[in-house]
Amino acid sequence: MISKNPKSEIRNPKLRIPGFKLSGISVGIKKKRKKDLALIFSETPANVAGIFTTNKIKAAPVRLDIERLASKKGQAIIINSGNANACTGKQGLKDAEETADITAKELGISSSLVYVASTGIIGRTLPMHKIKKAIPILVKKLSLRSINDVASAMMTTDTFPKIFSKKVEINGATGILTGIAKGAGMISPNMATMLCFILTNISVKIEALDSALRIAADKSFNRLVIDNDMSTNDTVLIMANGILKNIPIGENSPLYNKFENALLEVTYNLSKMIARDGEGATKLIEVIVKGTKTETDAEKVARAIANSLLVKTAIYGKNPNWGRIMAAIGYAGIDIKEDKISIYLNNLKLVDTGIGTNMKNKARDAFSEKEITLTVDLGLGKKEAKILTCDLTEEYIKINARYT
């Protein structure tokens with residue numbers, strides 16, 4: 001398994017996001033008394049933007065949140081793990097609404113400002129007797145320094161909590177963007193691909209917040225592949241509470257690009273953590289395709305390589321079978337010229353002008369690294385794209401064969 005303490009992961013117990021309090025506890029939804037219920041609370045109503053799974057079957061909390069997002073406002077998010085509250089009919093929606101109502105009452109805010117998220121096993125109703133009893137405790141435990149508790153309470157098959165924080169200077173003041181995510185399996189692009197909550201003290205107009213989130217997600221969460229399965233519960237929400245009291249950033253603001261770039265840095269690093277923590281994974285793989293006429297073409301080829309089970313298993317087995325990469329390039333659905341293709345494994349050139357370079361022994365050594373970069377240059381243009389993935393191992397099968 002990949003190290004559970006990657007360098008890019010932030011585990012700072014002193015990490016705080018101004019204006020936000022958090023808590024995470026165990027209520028018995030998951031076994032072995034693991035944390036499974038979390039709360040994020042903004043001391044003031046915040047601008048909220050979100051994106052959700054494009055799966056036609058959506059969990060009850062997703063349907064509830066889509067309705068509430070129309071207001072563009074929010075103040076709290078309550079999250080449970082161990083139970084997806086998906087495919088639970090009218091009872092599931094009632095439970096999601098009741099969870100929000102009780103949380104709102106305990107916080108002293110409107111229920112319309114509370115969002116709900118769930119992750120875990122599909123088809124089981126929530127143990128509401130446990131959740132209702134726990135919510136008052138969850139509220140009492142709200143703290144400025146409980147971000148690790150929230151990250152842990154969101155986990156299902158994850159092996160480590162995923163947190164990334166970025167500081168941004170906004171007119172001489174310090175803005176903070178902090179993301180908390182979970183995800184290790186059922187990760188397929190087409191939207192957000194997991195649960196992720198991003199909190200910032202920066203004041204951002206809702207149109208700019210929504211635009212920046214969609215752009216960041218498109219270049220990170222939507223370019224992340226673990227196993228080609230899309231969840232019913234995928235949710236990304238960003239809350240901007242404006243505690244920094246800067247002039248609100250709009251799409252035409254000179255600070256908009258700085259905010260968008262910082263947000264992308266947060267989402268891309270969270271995506272790398274998810275790829276690194278792919279179920280059973282031993283290697284993080286970044287696929288870079290360049291030398292195309294359009295970015296769309298580059299993305300198609302990168303996605304074909306990242307989705308290839310043969311490529312993923314070859315990397316796991318330290319097998320330098322670059323022919324599998326070539327085959328994926330060929331069926332990606334774009335025009336190519338075989339004699340212009342070069343392929344690199346980290347800094348080692350495996351293919352030159354479509355022909356192997358006889359570097360198999362050195363390639364095996366390169367495959368021993370925990371982080372692999374596959375670079376393909378198609379030699380046809382100046383555009384490029386990246387996709388994140390991981391290798392495919394026997395452990396993935398074991399985890400999912402025994403999941404329930």
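Here, each number is a calculation from the coordinates, and none is a lab measurement. The structure presented is a predicted model; accordingly, all values stated were derived computationally and were not measured. Cβ sites come from the backbone with ideal geometry, for glycine too, and all protein chains shown count toward neighbours.
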Exercise. Along the charge dipole of the stretch 25-79, Cβ charges K/R +1 and D/E -1, which of LEU69, ILE29, PRO45 sits furthest on the positive end?
Worked result: ILE29
For this session: Counting other Cβ atoms within 10 Å, keep those with at most 14, restrict to DSSP loop, and tell me which chymotrypsin sites (Phe, Trp or Tyr not before Pro) in the stretch 308-378 are left.
Result: TYR331
Exercise. What's the center-to-center distance, using Cα atoms, between the stretch 331-386 and the stretch 247-263 in Å?
Worked result: 36
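Just list whichever of LYS293/LYS337; LYS32/LYS370; LYS272/LYS370; LYS31/LYS105; LYS283/LYS386; LYS283/LYS312 have alpha carbons separated by over 20 Å in the model shown.
Numbers: LYS293/LYS337 13 Å; LYS32/LYS370 30 Å; LYS272/LYS370 12 Å; LYS31/LYS105 28 Å; LYS283/LYS386 16 Å; LYS283/LYS312 10 Å.
Exceeds cut-off: LYS32/LYS370; LYS31/LYS105.
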Problem set entry | Distance between modelled label sites at LYS340 and SER110, nm, 7 Å Cα→Cβ extension | 5.7
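Rounded to the nearest 0.05, what FRET efficiency is calculated for LYS318 and ILE57 with R0 set to 45 Å and r the Cβ-Cβ distance?
Once the sixth-power term is evaluated, E becomes 0.70.
Quickly rank 284-291, 375-382 as a protection proxy: mean count of other C-beta atoms within 10 Å, highest first.
Working: 284-291: 22.2, 375-382: 18.6.
The packing order, highest mean first, is 284-291, 375-382.
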For this session: Whole Å is fine, so just give me how far the alpha carbon centre of the stretch 150-183 lies from that of the stretch 27-53.
Result: 13
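Go ahead and run the numbers for FRET between SER71 and THR353, Cβ-Cβ distance against an R0 of 51 Å, rounding to 0.05.
On the way: r = 57 Å, r/R0 = 1.12.
In this case the efficiency is close to 0.35.
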Seminar exercise, completed: Quick note on SER42, SER342, ordering by fewest other C-beta atoms within 10 Å, gives SER342, SER42
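List the GluC sites (Glu not before Pro) in the stretch 219-275 that DSSP assigns to loop (not H, G, I, E or B) and whose Cβ has at most 16 other Cβ atoms within 10 Å. Which are they? If you can, show how the numbers build up before the last one.
Working: sites: GLU251, GLU260, GLU265; in loops: GLU251.
Of the GluC sites (Glu not before Pro), the ones in loops of the stretch 219-275 whose Cβ has at most 16 other Cβ atoms within 10 Å are GLU251.
Kindly identify the stretch 284-401 as rounded, prolate or oblate by the Cα gyration tensor criterion: order the square roots of the eigenvalues as a ≥ b ≥ c, call it rounded if a/c is under 1.5, otherwise compare a/b with b/c, prolate if a/b is larger, else oblate. Working shown, then result.
Working: a/c = 2.00, a/b = 1.36, b/c = 1.47.
The shape class here is oblate.
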Problem set entry | Separation in nanometres of the label points that stand 7 Å from Cα toward Cβ, at ALA401 and MET128 | 3.8
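Suppose R0 equals 25 Å. What FRET efficiency, 1/(1 + (r/R0)^6) with r the Cβ-Cβ distance, do ILE137 and GLU43 give to the nearest 0.05? Walk me through the numbers on the way to the answer.
Numbers: r = 20 Å, r/R0 = 0.79.
Efficiency at R0 = 25 Å is approximately 0.80.
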Problem set entry | Model label zone, THR373; criterion: amide N under 13 Å from point 7 Å along Cα-to-beta-carbon; scope the stretch 312-348 | 344-348
For this session: Would you mind ranking MET239, MET128, MET326 by Cβ crowding within 10 Å, fewest neighbours first?
Result: MET128, MET326, MET239
Seminar exercise, completed: Put in order of increasing Cβ neighbours within 10 Å, starting from the fewest, ASP158, ASP339 give ASP339, ASP158
For this session: Kindly point out which whole DSSP H helices in the chain project their C-alpha atoms 27 angstrom or further along the helix axis while averaging a Kyte-Doolittle hydropathy of -0.5 or above.
Result: 256-276
Problem set entry | Per-residue ³J(HN,Hα) for the stretch 159-166, Karplus 6.51 cos²θ - 1.76 cosθ + 1.60, θ = phi - 60°, Hz, x for Gly and Pro | 9, 8, x, 10, 9, 9, 10, 9
For this session: Return the loop-located trypsin sites (Lys or Arg not before Pro) in the stretch 40-81 (DSSP other than H, G, I, E, B) with at most 16 other Cβ atoms within 10 Å of their own Cβ; answer none if there are none.
Result: LYS56, LYS72
